[in-house]
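Worksheet: one structure, shown below.
The values are calculated or read from the model by the stated rules, or taken from the named source; none is laboratory data. Nothing here was measured: the structure is a model prediction, and the numbers come from that model. Cβ placement follows ideal geometry from the backbone for every residue including glycine, while neighbour counts extend to all protein chains displayed.
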């Protein structure tokens, strides 16, 4: 579905980036988050990709209103359709718990499903505030983010992980930066100077736990 060299439109910036770009958006203003995410997802629809949104704080109707406000018509919401929405808990926490390895495997499966259905690629955006609800396994969130990077060279996971700086503590947000190769800063997508390779970060994480 994607070649390593293929560059795609991110929507909110003129520069194109690799199809497997894994980025974080740390925000404290709703209007700013909304603009970035809506333009990012709309670009995917325009590019013939399968687009996914994982809701938590916002409802599905909230998200649909974002697109109406910029004049973008959303196709019918259905399994296998161009635009799919799930609650974040359903997407990340099968059977009421969170397992990073199992979640990445489900992402791989969805990647193959989109390929089989003829989409040019996949992209998604998730509201990561679900991880603050005490769901079993949610303390492994940062491990999950690192595992995405380990798999992204083969499975081109193009996505924005949204972290509300008003909800997450500083230590968690620093770790968020360590596990995202790219970050959205002042409306632009930039290489993240805090990023650590997955094997390095997971080793550091294991040492802190021991």
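Data overview
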{"quantity": "Criterion (part of a helix (DSSP H, G or I), under 15 Å from residue 126 (Cβ atoms) and over 14 Å from the mean Cα position of the chain (by Cα)) met by exactly one of 63, 101", "calculated": "63"}
{"quantity": "Count of residues meeting criterion [assigned to a loop (DSSP other than H, G, I, E, B) and surrounded by fewer than 16 Cβ atoms within 10 Å (Cβ to Cβ)] in segment 107-124", "calculated": "2"}
{"quantity": "Flag for residue 57 being surrounded by fewer than 18 Cβ atoms within 10 Å (Cβ to Cβ), touching a helix residue (DSSP H, G or I) at 6+ places or on another chain (Cβ under 6 Å) and at pLDDT 95 or above", "calculated": "yes"}
{"quantity": "Matching option when the condition is at pLDDT 95 or above and assigned to a helix (DSSP H, G or I), among 167, 177, 189, 205", "calculated": "177"}
{"quantity": "Pair list, Cβ < 6 Å and 6+ apart or interchain, from segment 4-20 residues that are over 13 Å from residue 121 (Cβ atoms) to residues that are surrounded by fewer than 17 Cβ atoms within 10 Å (Cβ to Cβ) and at pLDDT 95 or above", "calculated": "13/188"}
{"quantity": "Within segment 34-54, tally of residues that are assigned to a loop (DSSP other than H, G, I, E, B) and surrounded by fewer than 13 Cβ atoms within 10 Å (Cβ to Cβ)", "calculated": "1"}
{"quantity": "Any pair with Cβ under 9 angstrom, 6 or more apart, that starts in segment 151-166 at a residue that is surrounded by fewer than 18 Cβ atoms within 10 Å (Cβ to Cβ) and ends at one that is at pLDDT 90 or above and not in a loop (DSSP other than H, G, I, E, B)", "calculated": "154/108; 165/26; 165/27; 165/173; 166/27"}
{"quantity": "Any hit, segment 17-33, residues being assigned to a loop (DSSP other than H, G, I, E, B), surrounded by fewer than 19 Cβ atoms within 10 Å (Cβ to Cβ) and at pLDDT 95 or above", "calculated": "yes"}
{"quantity": "Qualifying residue in segment 84-92 (condition: more than 15 Å from the chain's Cα centre (by Cα), modelled with pLDDT of 95 or more and surrounded by 13 or more Cβ atoms within 10 Å (Cβ to Cβ))", "calculated": "no"}
